[in-house]
Every structure is written in C-alpha cells, then in structure tokens.
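What follows is one structure encoded as structure tokens, with my remarks underneath.
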Amino acid sequence: MRSLQGTGVACLALATLLAVQCVAKDAAFFEDFGSGWDSRWVQSKDDKYNGKFAAESPKNLDDQALKVPTKARHYGISTRLPEAVQPSKGLVLQYELKLSEGLTCGGAYLKFITDSKEFDPASLKEATPYTVHLILRHKKPNGEIEEKHLDTPPSVNLDKLTHVYTAIIETDNTYQILIDGEEKKTGSLFEDFTPAINPPQEIDDPEDTKPDDWVDTAKIADPEASKPDDWDEDAPREILDEEAEKPEGWLDDEPEEIDEPEAEQPEDWDEEEDGEWEPPRITNPKCEDGPGCGEWERPTIPNPNYKGTWYPPMIDNPEYKGVWKPKKISNPDYFEDDTPLNNLGDIGAVAVEIWTMDQGYFFDNVLVTNKAEKAQEYRTNYWQPKHEHEVELQKDEVPEVDEDLDSESSESTGNFVSRAVEKALSLPGLSLLKPFLVGWLATLAANTLLAVAAVTIPAVLFLVLLYSLFGGKKASSVVPADKKKKRAPSVVETKKQDVSVPDVTEMSDTPVLGDAAPTSQTAASSTGVHTRRSTAASGAGAGGTTTIS
C-alpha cells in the first residue's frame with residue numbers, strides 16, 4: 001500500500017486501497033510500480049538502450065513510480081498483459097506523468113504493443129509493432145499496416161506536477177483525449193487522422209503529365225503598353241527643400257565640438273611614446289543652447305515628380321488555361337472500413353520506449369480497460385489526492401539553494417547547447433542531418449567542456465577571420481620622425497567605445513527561428529497515451545494497434 005505524505009494520510013490510503021479492490025477486477029491491466037515491479041517489467045537488452053529505468057518516489061511523495069534517472073539516454077522497458085485486450089470492444093488507456101525536471105527534448109509516452117506470441121520484452125526495439133502509441137496502426141484489407149496520426153493533438157502540461165493522460169476510443173469510432181480528467185480533444189476516427197482511415201475513391205493519375213504547351217501563367221505584361229513621354233526614371237526620390245530657411249541665430253562659425261577647456265595633460269604623458277598631447281573633445285555648449293552650429297544645409301523632401309522605374313501594366317493572359325491538375329482515376333487501393341477498431345490489432349503488452357535529453361520523468365498508475373468510468377475512479381482515488389497534495393506543497397515551497405549549483409549549471413550548459421543545435425536541425429534544409437548527429441547531441445548534453453568548446457571555438461575562428469579581413473595595418477618597427485599627434489578620445493568616440501559587444505552565450509539565447517515554442521503532443525495509441533515534445537523522440541512502437549501522439 002502506498003500513501004501520500006501529509007495530514008490524514010492513513011485514512012486516505014485506506015480509502016484508496018478499498019477503492020482499488022473494487023475496481024481492479026474491471027481493469028485488463030493496472031501497474032502502480034510498487035513492490036515486485038521489476039519482476040513484471042523487463043528492460044530491453046538491445047545495445048541501443050543504454051538507459052536503465054528505476055523505481056523511486058518523487059520528492060515529497062511516498063508513491064513509488066517508474067523513473068527516468070539519467071539524461072541523454074535511450075530507454076526501453078515492457079511488460080506483457082495477463083491477456084490480450086481487443087480494441088473492438090472499446091479502449092481506455094491512462095497513465096500518470098510527472099516531469100520533475102521539466103520537458104525540453106525527449107519522449108514521455110507509452111506504447112501499447114500488438115499482441116504476438118513471438119514478442120519478447122527483452123528484445124523490445126523502436127520498430128516493435130504497436131497498437132496504440134493517438135497514432136493508430138490500421139491494417140488494410142490487403143494486409144498492409146499503415147500509421148494514422150491524430151491531427152492537432154492537445155498540448156502537454158509542462159509544469160512539475162503530476163498529470164494524468166487518458167485516451168478513450170469508443171465502439172462508435174469516436175475518441176476523446178483527457179488531461180487531468182478534462183476533455184481536451186474529441187472527434188471521429190474517420191475525420192481527424194492523417195492519412196485517413198478510408199482512402200479516397202479517386203486519386204491523381206500518376207501517369208498523367210502536364211502538356212508542353214500548357215500555359216499556367218495567369219497574368220502577363222501588356223505588350224502594347226509604352227512608357228509615357230513625361231516619365232522620368234532618373235528623377236531622384238528626394239530633393240532639397242527650396243522653401244526652407246536657415247533658423248535665426250544659427251551659429252555658422254561655431255564648431256560642433258571644442259577642446260575640453262579644463263582638461264590637463266596627464267603627468268605620465270610621454271610625448272616620445274605617446275605623441276603630442278591634445279585635450280579631449282566635447283560638445284560645444286553654444287550649440288546646445290542655440291538652433292545649431294556649423295555650415296547650414298537645406299533639408300531634403302520627397303520629390304513630387306519622382307516616379308521610379310517604369311513597368312508595363314499586367315493584363316490577363318489570353319493563353320492562360322488555368323492551374324494544371326492531373327486527371328483522376330479510380331483508386332486501385334480503395335476500401336471502406338466501417339469498423340476500423342477490428343483492424344487495429346489486439347494489445348498484448350505495454351512499453352516505454354523513448355529517447356530523451358532530460359531526466360526525472362516519473363510514469364505511474366498505467367491502466368488499460370474497456371470502461372471509461374473505471375478510468376475516472378482511478379483518477380479520483382490515485383491521481384487526484386496526489387495532485388492536490390502537490391499543489392499545496394507548491395504553495396508553501398521556498399526556493400532552495402542547490403548545493404551542487406556549479407554542477408547543475410555545468411549540466412545545464414551542455415543541455416542548452418544541445419537543445420540549441422537540436423532546434424537548428426529542425427529548420428527546413430537541416431533536418432536531414434539530424435539522424436547523423438543524435439549521438440553527438442547526447443554527448444554535448446553530458447559533457448560541459450565539449451558543449452562550451454562547440455560554441456567557443458567557432459566563435460573565436462569567426463573573430464579571427466573578421467580581424468584578418470578588416471584588421472588594422474601592421475605596426476612599423478621604425479617610429480617616423482614626424483609622429484602623428486595623439487589626443488584623448490572625443491565624446492563621440494568615447495560613446496562608441498562604451499558600446500558593449502554581445503557575449504556569445506547571450507547571443508545563443510535567441511530563440512531559433514521555427515521553434516520558438518516546441519509543440520508538445522499528447523498521444524493515445526490503439527492502446528496507449530503518448531506525450532512528447534520532440535519529433536526526434538517519437539517513433540514506431542511495439543505492436544500495431546493505436547498510438548496517441
């Protein structure tokens with residue numbers, strides 16, 4: 001029996017236990033990662049999975065859960081169900097997730113594996129067929145299995161509290177996704193998945209091609225138009241304002257800057273080494289009090305006769321035939337499946353198969369059932385008291401100084417650089433490089449020195465290149481007899497020198513275009529709920545029924 005810390009724990013734990021005894025018989029599968037969990041779950045022996053799950057209680061909770069203990073690792077673990085679950089009878093998938101250290105780049109989802117006598121939990125891989133991951137793996141009449149991805153899934157809660165994710169698939173081919181018991185997404189299996197459950201009756205003819213003489217330019221330059229005789233392409237955009245007059249009191253003979261009258265030559269000034277001393281320059285106070293100093297120049301105004309470059313007007317193209325589209329033909333692979341749940345594949349196992357750059361994920365209270373009301377009971381008896389307890393603790397929480405601050409900062413540096421590179425690789429044109437750099441990203445997150453070097457070395461090389469192109473002349477070894485006079489810098493020069501150059505690290509904080517807010521996704525498979533924040537962390541699950549993404 002597990003309980004939360006705090007007032008009234010004993011009563012709460014007893015009530016929870018009694019409730020579980022009443023509903024457990026209606027659940028096809030339930031796992032709370034309590035005593036003996038490691039005899040029920042098997043870690044994958046595949047070399048790829050260098051991360052090993054542990055069962056621990058989150059801080060301030062006496063409630064053991066499956067934990068991701070180390071960042072920058074691949075994890076794989078699974079367990080067989082006592083008996084296969086048939087999605088055709090309706091399906092309810094639920095699990096709790098606590099992101100104790102946040103979710104930045106990684107997967108935090110479950111996969112519900114397709115039932116198979118050949119499936120061995122120890123051999124779990126990314127490609128192991130899954131039923132629910134809400135990605136659904138739907139079997140076509142020809143035997144081919146195709147993934148169906150839920151369009152616009154709801155976002156994940158990114159705070160550090162425990163949240164419960166629920167996917168409900170009804171026998172009438174509708175679905176619901178709940179977060180903390182609240183409906184976030186609902187719809188039809190036939191309308192909200194891509195590609196669609198049922199393919200179109202007609203498709204574009206792959207053999208059809210656009211004719212060579214097909215004109216698809218809608219507008220053309222008018223061939224009969226000509227530039228007007230009075231069109232002056234050379235007229236400037238702006239001209240001097242001939243009506244402007246010099247302001248009264250303008251000081252033509254006063255310079256804008258003067259020598260600082262109170263400045264004195266420093267005692268350690270050496271004219272042999274420093275040249276002849278000149279006082280620094282300051283803004284002429286007479287110019288500040290008057291309308292202006294120096295030679296007055298007329299201001300410029302927009303030229304009323306400016307027309308710019310002439311272009312002929314555009315007219316409708318008389319040869320235009322419209323946008324070309326290939327002709328339609330009957331879809332040779334067309335079928336109509338009115339009962340897609342029959343073709344999702346039974347669920348025979350539950351798996352957590354993820355790659356993550358984070359740590360501190362806690363999975364708990366995994367439930368597979370056919371009854372939505374049972375999922376509600378589990379939320380009420382397991383999740384709700386836990387969540388309320390966390391909310392109260394959060395109200396009283398006082399920020400603590402981490403004794404390992406230096407170490408934490410060091411780790412965050414590696415994570416930051418890794419995330420920045422990972423985001424950059426999500427941009428169009430760079431995404432193809434991502435599969436080849438996954439290992440390198442993991443190394444950056446774990447190695448602070450390497451992460452700093454990854455930023456510093458290119459920055460230094462860039463500065464050296466700039467200096468080589470635009471640097472000053474090489475100093476002569478012979479001092480000229482008529483050494484140029486040196487003076488203290490002027491006010492303008494001083495201000496220029498005061499402008500700080502952005503630090504490389506500060507520049508790295510700029511959000512990468514295209515990923516200002518990484519989209520979080522909650523997925524439910526034929527038998528699974530899936531929460532993720534990085535496409536790199538998602539993947540095919542084991543089994544082949546349904547996945548919630």
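The values are calculated or read from the model by the stated rules, or taken from the named source; none is laboratory data. Source: prediction; values computed, not measured. Cβ: placed from backbone, ideal geometry, glycine included. Neighbour counts: every protein chain shown.
Here are some notes:
- Taking every residue in segment 96-123 that is at negative phi and pairing it with any residue that is among the acidic types (Asp, Glu) and not in a loop (DSSP other than H, G, I, E, B), at least 6 positions away or on another chain, the pairs with Cβ-Cβ distances below 6 Å are Glu96/Asp364; Cys105/Glu422; Lys111/Glu353.
- Answer residue from segment 142-156, given it is in a loop (DSSP other than H, G, I, E, B) and not hydrophobic (A, V, I, L, M, F, W, C) and is farthest from the chain's Cα centre (by Cα) among those: Asn142
A quick yes/no check of all residues on (1) of a type outside the set (A, V, I, L, M); (2) more than 29 Å from the chain's Cα centre (by Cα); (3) part of a loop (DSSP other than H, G, I, E, B); (4) not assigned by TED's automatic domain parsing to the domain that holds Lys48:
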residue: Phe335; (1), (2), (3), (4): yes, yes, yes, yes
residue: Ala351; (1), (2), (3), (4): no, no, no, no
residue: Asp358; (1), (2), (3), (4): yes, no, yes, no
residue: Glu373; (1), (2), (3), (4): yes, yes, no, no
residue: Glu388; (1), (2), (3), (4): yes, yes, no, no
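- Some residue of segment 208-222 being under 30 Å from Lys139 (Cα atoms) and either in contact with a Lys or Arg (Cβ under 6 Å, 6 or more places away or on another chain) or at pLDDT below 95 (or both): yes
- Out of Pro199, Pro154, sole residue that is at pLDDT below 95 and over 30 Å from Glu397 (Cβ atoms): Pro199
- Condition met for Gly322 (in a loop (DSSP other than H, G, I, E, B), of a type in the set (Gly, Ala, Ser) and surrounded by 12 or more Cβ atoms within 10 Å (Cβ to Cβ)): no
- In the set Ala108, Ala72, only one residue is buried (at least 24 other Cβ atoms within 10 Å of the Cβ), touching a Phe, Trp or Tyr at 6+ places or on another chain (Cβ under 7 Å) and of a type outside the set (S, T, N, Q); that residue is Ala108.
- When the criteria are applied in full, Pro312 meets the requirement of being surrounded by 11 or more Cβ atoms within 10 Å (Cβ to Cβ), modelled with pLDDT of 95 or more and in a loop (DSSP other than H, G, I, E, B).
- Considering the conditions (1) in a loop (DSSP other than H, G, I, E, B); (2) at pLDDT 95 or above, Glu254 is excluded by exactly one of them, (2).
- Out of Ile145, Ile113, sole residue that is of a type in the set (A, V, I, L, M, F, W, C) and surrounded by fewer than 19 Cβ atoms within 10 Å (Cβ to Cβ): Ile145
- Restricting Thr166, Thr128 to those that are surrounded by 23 or more Cβ atoms within 10 Å (Cβ to Cβ), at pLDDT 90 or above and either of a type outside the set (D, E, K, R) or within 25 Å of Asn342 (Cα to Cα) (or both) reduces the list to Thr166.
Residues are listed down the side, and each one gets a yes or a no for (1) over 30 Å from Glu144 (Cβ atoms); (2) in contact with a Pro (Cβ under 9 Å, 6 or more places away or on another chain); (3) surrounded by fewer than 10 Cβ atoms within 10 Å (Cβ to Cβ):
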| site | (1), (2), (3) |
| --- | --- |
| Gln201 | no, no, no |
| Trp214 | yes, no, no |
| Ala221 | yes, yes, no |
| Lys227 | yes, yes, no |
| Asp230 | yes, no, yes |
| Pro255 | yes, no, no |
| Pro266 | yes, no, no |
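- Subset of segment 282-307 [in contact with a Lys or Arg (Cβ under 8 Å, 6 or more places away or on another chain) and over 22 Å from Ile239 (Cα atoms)]: Cys293
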